[in-house]
Amino acid sequence: MDNEEQSKKPSEMSQDELPDVKAFEDEFTRRFLQSTEETRPGYYPFLSGTGKYKMDFPLDATIDEHGYALKDKEYEGLFIGVDAGEIKSSIRINFSSLHEKGREHTILDMINHQFNDELLFDEFTSGDSTLYLSYFEDDETYYGYAGFLQNEVENGGIRVLYESECIVGKEECEGLVAESKDVMKELIESIQFTVQSNESE
């Protein structure tokens with residue numbers, strides 16, 4: 001592969017140049033994928049339409065064009081469907097540049113109102129962001145993570161809701177759910193703001 005081919009984005013490539021996976025088969029999803037090189041096995045580099053954040057994008061996922069909203073670099077809402085066979089999942093991501101540091105608990109309270117039970121958020125600080133994340137489940141087959149990522153460098157935050165359902169029998173689901181919980185958490189932890197502190201001054 002020459003330098004010109006390596007520098008081409010997936011949206012500029014023909015179908016036969018792309019990996020044979022669902023994420024690249026969908027034309028709308030392809031616009032957000034930055035390379036055909038995996039970030040880690042089964043995932044490709046995604047860049048937000050705002051340019052404000054990036055993450056690892058699953059090979060078996062697509063972005064719903066009709067569920068997508070963008071307002072300049074101020075707001076982005078997207079719905080991602082993930083079909084991993086026995087596990088069907090959806091990821092809802094909402095970015096807003098208006099979220100200010102110090103008001104995280106207001107956002108967490110808003111997320112709590114979506115659930116019947118009080119969520120308990122764990123807090124993880126890494127680099128220029130802090131992640132608040134809570135696991136939830138309704139029964140043995142429906143479960144997920146709700147979270148909020150606050151930018152520590154400038155205004156901006158991301159709400160994430162990752163829901164999954166195991167569609168095979170409960171016995172078969174036991175091992176699958178345990179494994180997929182780790183997969184879900186790793187994806188959310190891959191979300192990173194692209195802001196550089198010298199650009200925000």
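Counting only residues that are in contact with a Leu (Cβ under 8 Å, 6 or more places away or on another chain) and in contact (Cβ under 8 Å) with a residue 40 or more places away in the chain, which one in the range 7-46 is nearest to E65 (Cα to Cα)?
The extreme case among them is K22.
Residue-by-condition table, conditions (1) in a strand (DSSP E or B); (2) surrounded by 17 or more Cβ atoms within 10 Å (Cβ to Cβ); (3) free of Cβ contacts under 8 Å to residues at least 40 places away in the same chain; (4) over 18 Å from the mean Cα position of the chain (by Cα):
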| position | (1), (2), (3), (4) |
| --- | --- |
| M110 | no, no, yes, yes |
| F115 | no, no, yes, yes |
| E118 | no, no, yes, yes |
| F124 | yes, no, no, no |
| L131 | yes, yes, no, no |
| S134 | yes, yes, yes, no |
| E140 | no, no, yes, yes |
| G144 | yes, yes, no, no |
| L149 | yes, yes, no, no |
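Conditions (1) in a strand (DSSP E or B); (2) surrounded by fewer than 17 Cβ atoms within 10 Å (Cβ to Cβ); (3) touching a strand residue (DSSP E or B) at 6+ places or on another chain (Cβ under 7 Å); (4) β-branched (V, I, T), marked per residue:
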site	(1), (2), (3), (4)
A23	no, no, yes, no
Y44	yes, no, yes, no
T50	no, no, yes, yes
T62	yes, no, yes, yes
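Could you tell me whether the range 68-88 includes any residue that is within 14 Å of the chain's Cα centre (by Cα), part of a loop (DSSP other than H, G, I, E, B) and more than 16 Å from L149 (Cα to Cα)?
Taking every residue of the range 68-88 in turn, at least one turns out to be within 14 Å of the chain's Cα centre (by Cα), part of a loop (DSSP other than H, G, I, E, B) and more than 16 Å from L149 (Cα to Cα).
Which of the following residues is of a type in the set (D, E, K, R) and assigned to a loop (DSSP other than H, G, I, E, B): E154, E165, E186, E179?
The match here is E154.
Let's see how each residue does on (1) over 15 Å from T194 (Cβ atoms); (2) among the small types (G, A, S); (3) out of contact with any Pro (no Cβ under 7 Å at 6 or more places or on another chain):
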{"residue": "G42", "(1), (2), (3)": "yes, yes, no"}
{"residue": "A61", "(1), (2), (3)": "yes, yes, yes"}
{"residue": "G67", "(1), (2), (3)": "yes, yes, yes"}
{"residue": "L70", "(1), (2), (3)": "yes, no, yes"}
{"residue": "I80", "(1), (2), (3)": "yes, no, yes"}
{"residue": "D83", "(1), (2), (3)": "yes, no, yes"}
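Condition first: at pLDDT 90 or above, out of contact with any Pro (no Cβ under 9 Å at 6 or more places or on another chain) and crowded, with 18+ Cβ neighbours inside 10 Å. Now tell me which residues in the range 164-201 satisfy that.
S164, C166, S180, M184, I188, I191, F193
Return the only residue of G85, G49, G102 being under 30 Å from L176 (Cα atoms) and free of Cβ contacts under 8 Å to residues at least 40 places away in the same chain.
G85
From K54, K101, which residue is surrounded by 14 or more Cβ atoms within 10 Å (Cβ to Cβ), not aromatic (F, W, Y) and not in a strand (DSSP E or B)?
One residue alone meets the criteria, K101.
The values are calculated or read from the model by the stated rules, or taken from the named source; none is laboratory data. On a predicted model such as this, the values are computed, not experimentally measured, just so you know. Don't worry about glycine lacking a Cβ; one is built from the backbone with ideal geometry, like all the others, and counts go over all protein chains shown.
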